[in-house]
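To keep things clear, I will list the structure first and then write my remarks on it.
The values are calculated or read from the model by the stated rules, or taken from the named source; none is laboratory data. None of the values given here were measured: they were computed from a predicted structure. Here the Cβ positions follow ideal geometry from the backbone for every residue, glycine too, while neighbour counts run over all protein chains shown. Calculation scope for accessible area: heavy atoms of the full protein, side chains included, ligands and nucleic acids excluded. Shrake-Rupley method; radii C 1.70, N 1.55, O 1.52, S 1.80 Å.
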Amino acid sequence: MSDLVQLTKDKDVAIISINNPPVNAIGPAVSEGISQAIKEITQDESVKAAVIIGAGRTFVAGADIKEFGRITSGKTARGPGLLPLLRQIEDCSKPVVMAIHGTAFGGGLELAMSGHYRVGAPGAQVGQPEVKLGIIPGAAGTQRLPRLAGVAKAVEMCAQGNPISAQEALDSGILDQLIEGDLLSGAVAFARAVLEKPVPKTRERNQRLGTLEQNAPIFAAAREVARQKQRGMIAPLAAIDAVEAATRLPFDEGCEVEKKLFNDCLFSEQSKALIHVFFGEREVAKIPDIPKETPIIPVNSVAVVGAGTMGGGIAMVFANAGIPVLLKDADPPALDRGMEVIRKNYSSSVKRGRFTQQFVDERLRLITPVLRYDDFDRVDLVVEAVFEGMQLKKEIFGELDRVCRPGAILASNTSTLSIDEIASATARPEAVIGTHFFSPANVMRLLEIVRGKNSSKEVIATCMQLSRKLGKVGVLVGNCRGFVGNRMFGPYRREAQFLVEEGASIEAVDQALYDFGMAMGPLATGDLAGLDVGWRIRKEFRHLEKAGTRQPFAEDRLCEMGRYGQKTGAGWYKYDESRHAISDPELADSLRKWSAEAGIPQRKISPEEIVDRCILALVNEGARILEEGIALRAGDIDIIYLNGYGFPPYRGGPMWYADTVGLNKVRDHISEFHRQHGELWGPAPLLRQLAQEGKTFAEYHRSQNMTAA
Ligand code: T1G
């Protein structure tokens, strides 16, 4: 037996324990170990039944995802996979009971379904999340799941990829029993109880496969949902095809269909991108110069300064994580408004079924509105979320430095201003850091943690860990104007405006980026965020713009007309009372007139050029950010764009996308734009260097650590 799989006995019941920390992923060695154990118990007369269980915190959480990179890069041949093992288990003459705790995901659920029975701990979850990796279940999951749970549940689980609870798994027929108390002894007792029963093979249980007439609407609806909720993705539709094959073909032929669809997906660009995202979201937590054992400062109570949209949302984030929060505003009506918005947000979450009323009542009790700093000496962390002006922020930080206890962390939610300058208003720069939330703060997963030049390692480590507790994806970024996300978003939206000024229609620009996979076009995004936000920042930094360099004018004009976007009922689009965008032909005429006055030649612009101009503007700025050490890895920039800016995950993020296009081609496109549109398009030196060396952004690891700009 390999040391990853142990075989013991409890009298007449064999116990096969899988022990491959941290999540008992199934690689070839685990598979071999289980197979060996099944052989042994088959030959052992004294064994009447078997239980398969995961050691540590979970059952099997899936096949080893690291294997796929090795297969698609040709490093390892695609082995027989799990199918032979699952068949061996299913054909075992003695009942095999699967004992599930933690997460039986992917290959873990497929392993469980090859057993004759399945029991689970009440807190367990089961799922087929493969589509989130751009693949589909590859070990007969799409064939056995409909046989246990019925077609509708199987299609939903395989195409959407979301896990279900143990109770739901019991109700749908995946689990046979929930085990309160000790799972192993419960599973052994269950095994003894079924000794006299026939040994059911899942692959032969066809009674829940339904009829063509019953299934047709199920598959049609599932395809419609996939086209809408997983727009542009291949795997969800492939998963539905595989489950459909289970309803039409004998088991073995259905497995052949699944295998072909699995391979098509595994070797797709989308799967490579999504596997990059899976590991990238975990990589961001690893900071080279901040070891895992860096002491963490306990954060048991916080305060938020500023009860506006961001401050209220941030207060909800902490309350939702069970952390008591003081919400301060100096202006009583603003504080009342802030609390009112929080109550409204919570009540709409209850209406949508996202939270229960009890959960919301408990969370509201954790938020205390205050007008003064009186209790700030009790909090462990303060997040400042006031108006984006440096003077005001420095005043507040000076006050916080006076009222907060020594060791308290002072964070700013600023989206562009210098953390170092803010820290200079305090005597504790080592305790000052940026926590840049994205609006709406209680919804968006991204949290940029902005490292000041004096931010201590403990403060950084604490905020990185806190982001996970808050349900956020925390990414450490350096201190420069706009940090990573917004700094890149500037050129992206600049090009969108240039394209309109050069003759592309507003709708064509947004449609091209939407079809590329962005959640929303760049102009509509501006309307959503508020065009006045950028306008105010441009006015504050106008003096830094290089004379003679072409800058977009359209959004300044819109703001001068009071057209800030959705909040004023009109921006690039007009908005009806339910905020649906309506094209505005008068604005199109004005744009033509303004461009003519500016002497900008008009021309027909293809969707390809629109995408290249906007996406490569992201990439070029991202390359500069990487080179300056403002981001630790290209993957970090990707994670920021997936979680904060609606970049399509199946393209991996802007830097990953550039790698798939090829950096030499990217460099050539950008050089061409440089020739046509001037110095804003100067190719980033790192891009030129990597293209020259035939390397990728993903391979680039900056030698020294992150530095403040
Ligand atoms: N393979 C390899 N490594 C994995 C892994 C996996 N399946 N799952 C997790 N890890 C690593 C992860 O990278 C991290 O590493 C550590 O384990 C802890 O993970 C044939 C083809 C189970 C809910 O998609 O959803 O089966 O950073 O930080 O937050 O049909 O891990 O410590 O170096 O996420 O407690 C299907 C993926 C695979 C499940 C636990 N299975 N994993 O979350 O810990 S494809 C999945 C998760 C498949 C079959 C198909 C989560 C988790 P490091 P973590 P967590």
TODO: Assess whether GLY62 counts as being on the phi > 0 side of the Ramachandran plot, modelled with pLDDT of 95 or more and under 36 Å from the mean Cα position of the chain (by Cα).
DONE: yes
- [ ] Say whether the condition of being within 7 Å of the ligand (Cβ to nearest atom), crowded, with 24+ Cβ neighbours inside 10 Å and in a loop (DSSP other than H, G, I, E, B) is met by at least one residue in segment 91-111.
- [x] yes
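Suppose the filter is touching a strand residue (DSSP E or B) at 6+ places or on another chain (Cβ under 9 Å), more than 16 Å from the ligand (Cβ to nearest atom) and closer than 29 Å to ASN454 by Cα; does GLY311 pass it?
Answer is yes for this residue.
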Open item on the list: Here are the criteria: (1) part of a helix (DSSP H, G or I); (2) hydrophobic (A, V, I, L, M, F, W, C); (3) under 20 Å from LEU618 (Cα atoms). Tell me which single one MET518 does not satisfy.
Closed with: (1)
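Before we move on, is GLY254 touching a residue at least 60 places away in the same chain (Cβ under 8 Å) and either in contact with a strand residue (DSSP E or B) (Cβ under 9 Å, 6 or more places away or on another chain) or of a type in the set (Gly, Ala, Ser) (or both)? Before the answer, list the steps.
On the way: touching a residue at least 60 places away in the same chain (Cβ under 8 Å): yes; either in contact with a strand residue (DSSP E or B) (Cβ under 9 Å, 6 or more places away or on another chain) or of a type in the set (Gly, Ala, Ser) (or both): yes.
Yes; evaluated as a whole, the condition is true for this residue.
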Open item on the list: For segment 185-219, give me each residue that is farther than 14 Å from GLY150 by Cα and buried (at least 18 other Cβ atoms within 10 Å of the Cβ).
Closed with: GLY186, ALA187, VAL188, PHE190, ALA191
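Within segment 129-141, take every residue that is open to solvent by less than 10 Å² (accessible area, probe 1.4 Å) and within 16 Å of ILE234 (Cα to Cα) and give me the one that is nearest to the ligand (Cβ to nearest atom).
First, pick out the residues of segment 129-141 that are open to solvent by less than 10 Å² (accessible area, probe 1.4 Å): 131, 134-137, 139-141.
Within this subset, residues satisfying the condition of being within 16 Å of ILE234 (Cα to Cα) are 131, 134-137.
Numbers: VAL131: 9, GLY134: 10, ILE135: 6, ILE136: 7, PRO137: 4 Å.
Among them, the one singled out is PRO137.
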Open item on the list: Just the residues that are under 19 Å from VAL5 (Cα atoms), out of contact with any helix residue (DSSP H, G or I) (no Cβ under 6 Å at 6 or more places or on another chain) and more than 12 Å from the ligand (Cβ to nearest atom), please, taken from segment 54-90.
Closed with: ALA55, PRO84, ARG87
TODO: Could you list, in sequence order, all residues of segment 553-611 that are open to solvent by 50 Å² or more (accessible area, probe 1.4 Å), over 15 Å from VAL533 (Cα atoms), in a helix (DSSP H, G or I) and out of contact with any helix residue (DSSP H, G or I) (no Cβ under 7 Å at 6 or more places or on another chain)?
DONE: PRO585, GLU586, ASP589, ARG592, LYS593, ALA596, GLU597, GLU608
Open item on the list: Go through (1) at pLDDT 95 or above; (2) open to solvent by 60 Å² or more (accessible area, probe 1.4 Å) for ALA547 and report which single condition fails.
Closed with: (1)
TODO: Name the residue, out of GLY141, GLY106, GLY134, that is under 22 Å from VAL23 (Cα atoms) and in contact with a Ser or Thr (Cβ under 7 Å, 6 or more places away or on another chain).
DONE: GLY134
TODO: Quickly run through segment 112-124 and pick out the residues that are more than 16 Å from the ligand (Cβ to nearest atom) and either surrounded by fewer than 20 Cβ atoms within 10 Å (Cβ to Cβ) or free of Cβ contacts under 8 Å to residues at least 40 places away in the same chain (or both).
DONE: PRO122
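Yes or no: VAL382 open to solvent by less than 10 Å² (accessible area, probe 1.4 Å), touching a strand residue (DSSP E or B) at 6+ places or on another chain (Cβ under 6 Å) and not assigned by TED's automatic domain parsing to the domain that holds ILE537? Give the derivation first.
Numbers: open to solvent by less than 10 Å² (accessible area, probe 1.4 Å): yes; touching a strand residue (DSSP E or B) at 6+ places or on another chain (Cβ under 6 Å): yes; not assigned by TED's automatic domain parsing to the domain that holds ILE537: yes.
Criteria met by VAL382.
Could you tell me which residue of segment 60-90 is most open to solvent (accessible area, probe 1.4 Å), considering only residues that are of a type in the set (A, V, I, L, M, F, W, C) and assigned to a helix (DSSP H, G or I)? Show your work before the answer.
Going residue by residue through segment 60-90, those that are of a type in the set (A, V, I, L, M, F, W, C) are 60-61, 63, 65, 68, 71, 77, 82-83, 85-86, 89.
Then keep just the ones that are assigned to a helix (DSSP H, G or I); that gives 65, 68, 71, 83, 85-86, 89.
Numbers: ILE65: 30, PHE68: 23, ILE71: 20, LEU83: 48, LEU85: 8, LEU86: 0, ILE89: 0 Å².
Top of the filtered list is LEU83.
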- [ ] For residues that are under 14 Å from GLY138 (Cβ atoms) and under 30 Å from the mean Cα position of the chain (by Cα), tally how many sit in segment 243-256.
- [x] 1
Task: Selection from segment 243-298 of residues that are among the hydroxyl-bearing types (Ser, Thr, Tyr) and either more than 24 Å from GLU156 (Cβ to Cβ) or out of contact with any helix residue (DSSP H, G or I) (no Cβ under 7 Å at 6 or more places or on another chain) (or both) - done: SER268, THR294
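Is there a residue in segment 316-326 that is open to solvent by 50 Å² or more (accessible area, probe 1.4 Å) and either over 24 Å from LEU392 (Cα atoms) or within 16 Å of the ligand (Cβ to nearest atom) (or both)?
The answer is yes; a qualifying residue exists.
Tally up the residues in segment 1-25 that are open to solvent by less than 30 Å² (accessible area, probe 1.4 Å) and either outside the structural domain of SER46 (by TED's automatic domain parsing) or assigned to a strand (DSSP E or B) (or both), please.
Total meeting the criteria: 7.
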Task: Cβ-Cβ under 8 Å pairs, at least 6 apart or on other chains, segment 265-277 side open to solvent by less than 30 Å² (accessible area, probe 1.4 Å), far side part of a helix (DSSP H, G or I) and at pLDDT below 95 - done: LEU266/PHE68; LEU266/ILE71; LEU266/THR72; SER271/PHE68; SER271/THR72; ILE275/ILE65; ILE275/PHE68; ILE275/GLY69
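Only one residue in PRO333, PRO298 is more than 16 Å from the ligand (Cβ to nearest atom), open to solvent by 50 Å² or more (accessible area, probe 1.4 Å), over 27 Å from GLY652 (Cβ atoms) and assigned to a loop (DSSP other than H, G, I, E, B), so which one is that? Before the answer, list the steps.
Details: PRO333 fails: assigned to a loop (DSSP other than H, G, I, E, B).
Going through PRO333, PRO298 in turn, just one is more than 16 Å from the ligand (Cβ to nearest atom), open to solvent by 50 Å² or more (accessible area, probe 1.4 Å), over 27 Å from GLY652 (Cβ atoms) and assigned to a loop (DSSP other than H, G, I, E, B): PRO298.
With crowded, with 21+ Cβ neighbours inside 10 Å and either assigned by TED's automatic domain parsing to the domain that holds HIS436 or in contact with a Lys or Arg (Cβ under 8 Å, 6 or more places away or on another chain) (or both) as the only criterion, which of ARG667, ARG633, ARG651, ARG688 stands out?
Selected residue: ARG667, the only one of ARG667, ARG633, ARG651, ARG688 that is crowded, with 21+ Cβ neighbours inside 10 Å and either assigned by TED's automatic domain parsing to the domain that holds HIS436 or in contact with a Lys or Arg (Cβ under 8 Å, 6 or more places away or on another chain) (or both).
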